[in-house]
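Below is one structure; the comments refer to it alone.
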Amino acid sequence: MSPAGCSHVNGYKVENWKQNLRVIYQCFVWSGTAETRRRKAKSCICHMCGAHLNRLHSCLYCVFFGCFTKKHIHEHAKSKRHNLAIDLLYGGIYCFVCQDYIYDKDMEQIAKEEQRKAWKFAVPNLLTYTTWEPTKRELELLRHNPKRRKITTNCTIGLRGLINLGNTCFMNCIVQALTHTPLLRDFFLSDRHKCEMQSNSCLVCEMSQLFQEFYSGHRSPHIPFRLLHLVWTHARHLAGYEQQDAHEFLIAALDVLHRHWDDNGKKANNPNHCNCIIDQIFTGGLQSDVTCQVCHGVSTTIDPFWDISLDLPGSSTPFWPLSPGGDGSTVNGESHMTGPTTLTDCLRRFTRPEHLGSSAKIKCGGCHSYQESTKQLTMKKLPIVACFHLKRFEHSAKLRRKITTYVSFPLELDMTPFMASSKESRMNGQYQQTVDILNNDNKYSLFAVVNHQGTLESGHYTSFIRQHKDQWFKCDDAIITKASIKDVLDSEGYLLFYHKQFLEYE
Amino acid sequence: MSKDSQMRAAINQKLIEMGERERLKELLRAKLVECGWKDQLKAHCKDVIIEKGLEHVTVEDLVTEVTPKGRALVPDSVKKELLQRIRAFLA
């Protein structure tokens, strides 16, 4: 197999060969339109035995289809001296003299173009990406910069401790979670932020710098003083040396990053249609349906969210309140709970229909009067990274305390039951059994967990983050240690970060 | 052609005409990547190439060596799913 192609194609490259080759690709290899498909279905059978399987090939010199496996095309090639054939399944060109598939640059180019053309007609949701091949300029760059970093399964690149600058563990654990969010990491490491801010106080630039530090290969702990300073400048409510809430920091950080993304004022005109990386990764849509109990009219609103805050059993609001309008799948009364509460239980509670009671009547557009109603939350659009916040800190009028109830959370999570679309199919009588096999869109994998140890007054934050698919590490400020999956799943859990398993191109 | 292969040909024709064959191929492709089959076979291909030598190995060598293993390694669940899908289509 020579990478330079074989010389025997030269006999073929005469007259109108390019057009002829294109026609063959369009009609018999990658049939895009219904017409070509019909023609392909009828005519693509072996001229010797009539079979349609057996790796059918077409002669390039004449109209002949033959099986490869049964050597029918080989016989044809020998007797007619037609040395080239094309594989109708994959489009590869076979040379009978070289006795192997050959890769001619011109022919490959035509093949690629025809394939892309055909795919446009096919099922529109198919992945239409092709493998990356470097351009001349890129090859040049790669040759001039020969230093390479090889990522093996046990290399620790990306792991770095963070010095605690005085109760800053709440910031440190969020930084660990963000620097290990795969899409965010890829974005920053491929240098995608072009800063348009004049001053030195762009938080996005600082994040970029942070990623450079984390992936530099240095193993000594990093001192995030610049980050801390920028946070104090842009989120005043988090300034000071007292212990802050990690969840508040996460939201504040995402907010500042989102605001700094495009400070030219473009955002001010259209804050809801931002296309910054923060929105692309973290923003989901929460659907709220309010159903009037009298006319059953539904009023729907969709709000963006960056995280889902879940109530826990043991708080002053009952976990499973008796809800007269609820669907049969909820459990009424806490005594029915067996086993530890799971994340799914919390999500089920979050998305259950809630009767709003006579003291909270809503003005119904259908009845034109105040009526009792039920409200239900479901997920309209899921973000690529879903962050779940377990509400462990209770700040009610009567008391301030930490709820330490253990909530078990899974490594893999399927959000399908909590989607607005699932609720609709349930209401229409269709059940989840006939799930679209191609819909892997709602499956998530855990990649970071932030934990709080201690009490409301004095506590400490640590985090677990995932590397290399199944290796976990505990990050306790400057100290990074290897952790087992059991350590992670047994931990109390305060902030849970999940990442979509399958990503699709827009 | 036997009745069996006649039926096969007819089914194949219908699948191609309706574009279902392409959809099934994509579904199968996704499933095989998901269950790790693609990675397993890729590793096997690399072994064969190293064994035969990069300069001398042909596509035929790879096909002969890798096909039986590839067929055997397809998980039953994937086979079942595809069959279900085809049955649903033909119904």
Only one of A:213, A:196 that is at pLDDT 85 or above, more than 19 Å from residue A:497 (Cβ to Cβ) and charged (D, E, K, R): A:213
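Conditions (1) modelled with pLDDT of 85 or more; (2) surrounded by 18 or more Cβ atoms within 10 Å (Cβ to Cβ), marked per residue:
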residue	(1), (2)
A:11	no, no
A:31	no, yes
A:39	no, no
A:52	no, yes
A:95	yes, yes
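From A:15, A:108, A:75, which residue is under 23 Å from residue B:63 (Cα atoms), over 45 Å from the mean Cα position of the chain (by Cα), surrounded by fewer than 19 Cβ atoms within 10 Å (Cβ to Cβ) and of a type in the set (Asp, Glu)?
The match here is A:75.
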Region A:216-238, subset in contact with a helix residue (DSSP H, G or I) (Cβ under 9 Å, 6 or more places away or on another chain), open to solvent by less than 40 Å² (accessible area, probe 1.4 Å) and farther than 24 Å from residue A:394 by Cβ, residue modelled with the lowest pLDDT: A:231
Find the helices (runs of 4 or more DSSP H) located wholly in region A:144-253 whose residues include 2 or more that are in contact with a His (Cβ under 9 Å, 6 or more places away or on another chain) and touching a residue at least 40 places away in the same chain (Cβ under 8 Å), and list them. A:169-179, A:182-189, A:203-214
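Need at least 1 residues that are within 35 Å of the chain's Cα centre (by Cα) per element, so show me which strands (runs of 3 or more DSSP E) inside region A:353-404 make the cut, counting only ones lying wholly within it.
Details: elements: A:362-364, A:369-371, A:373-381, A:385-390, A:393-395, A:400-402.
Passing ranges, in order: A:373-381, A:385-390, A:393-395, A:400-402.
Being away from chain B (no Cβ under 11 Å), surrounded by fewer than 11 Cβ atoms within 10 Å (Cβ to Cβ) and not in a loop (DSSP other than H, G, I, E, B) narrows it down to one residue among A:116, A:137; which is it? Write out each step before concluding.
Numbers: A:116 fails: surrounded by fewer than 11 Cβ atoms within 10 Å (Cβ to Cβ).
Residue meeting the stated conditions: A:137.
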List the pairs whose first member sits in region B:15-37 and is in contact (Cβ under 8 Å) with a residue 24 or more places away in the chain and at the interface with chain A (Cβ under 9 Å from one of its Cβ atoms), whose second member is outside any helix (DSSP H, G or I) and open to solvent by 60 Å² or more (accessible area, probe 1.4 Å), and whose Cβ atoms are under 8 Å apart, counting only residues at least 6 apart or on separate chains? B:27/A:438
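Out of the residues in region B:1-14 that are open to solvent by less than 70 Å² (accessible area, probe 1.4 Å), more than 9 Å from chain A (Cβ to nearest Cβ) and not polar (S, T, N, Q), state the one that is nearest to residue A:43 (Cα to Cα).
Taking region B:1-14 as the starting set, the residues that turn out to be open to solvent by less than 70 Å² (accessible area, probe 1.4 Å) are B:2, B:5, B:9-13.
Subset that is more than 9 Å from chain A (Cβ to nearest Cβ): B:2, B:10-11.
If we keep only those that are not polar (S, T, N, Q) too, we end up with B:10-11.
On the way: B:10: 12, B:11: 14 Å.
Restricting to residues being open to solvent by less than 70 Å² (accessible area, probe 1.4 Å), more than 9 Å from chain A (Cβ to nearest Cβ) and not polar (S, T, N, Q), the top hit is B:10.
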Specify the residue that is farthest from residue A:55 (Cα to Cα); the eligible residues are those in region B:44-56 that are assigned to a helix (DSSP H, G or I) and within 14 Å of another protein chain (Cβ to nearest Cβ). B:52
Before we move on, is residue A:168 over 18 Å from residue A:385 (Cβ atoms), buried (at least 19 other Cβ atoms within 10 Å of the Cβ) and among the hydroxyl-bearing types (Ser, Thr, Tyr)? yes
Out of (1) at pLDDT 85 or above; (2) among the small types (Gly, Ala, Ser); (3) farther than 29 Å from residue A:251 by Cβ, what's the single condition that is false for residue A:365? (1)
How many residues are among the small types (Gly, Ala, Ser), within 10 Å of chain B (Cβ to nearest Cβ) and touching a strand residue (DSSP E or B) at 6+ places or on another chain (Cβ under 7 Å) when one looks only at region A:28-86? 1
For region B:57-70, check the following and say yes or no: at least one residue is outside any helix (DSSP H, G or I) and within 11 Å of chain A (Cβ to nearest Cβ). yes
Cβ pairs under 9 Å, 6+ apart or interchain, first in region B:71-91 and within 11 Å of chain A (Cβ to nearest Cβ) and within 16 Å of residue B:26 (Cβ to Cβ), second of a type in the set (D, E, K, R) and in a helix (DSSP H, G or I), ordered by first then second residue, are B:78/B:31; B:78/B:34; B:81/B:31; B:82/B:31; B:85/B:20; B:85/B:23
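Kindly indicate whether residue A:477 is touching a helix residue (DSSP H, G or I) at 6+ places or on another chain (Cβ under 8 Å) and either open to solvent by 50 Å² or more (accessible area, probe 1.4 Å) or on the phi > 0 side of the Ramachandran plot (or both).
On the way: touching a helix residue (DSSP H, G or I) at 6+ places or on another chain (Cβ under 8 Å): yes; either open to solvent by 50 Å² or more (accessible area, probe 1.4 Å) or on the phi > 0 side of the Ramachandran plot (or both): yes.
Spelling it out, residue A:477 is indeed touching a helix residue (DSSP H, G or I) at 6+ places or on another chain (Cβ under 8 Å) and either open to solvent by 50 Å² or more (accessible area, probe 1.4 Å) or on the phi > 0 side of the Ramachandran plot (or both).
The values are calculated or read from the model by the stated rules, or taken from the named source; none is laboratory data. Bear in mind that the values here come from a model prediction, so they are computed numbers and not experimental data. So basically every Cβ, Gly included, is an ideal-geometry build from the backbone, and we count neighbours across all protein chains shown. Just the protein is used for accessible areas: all its heavy atoms, side chains included, with ligands, DNA and RNA removed. Shrake-Rupley method; radii C 1.70, N 1.55, O 1.52, S 1.80 Å.
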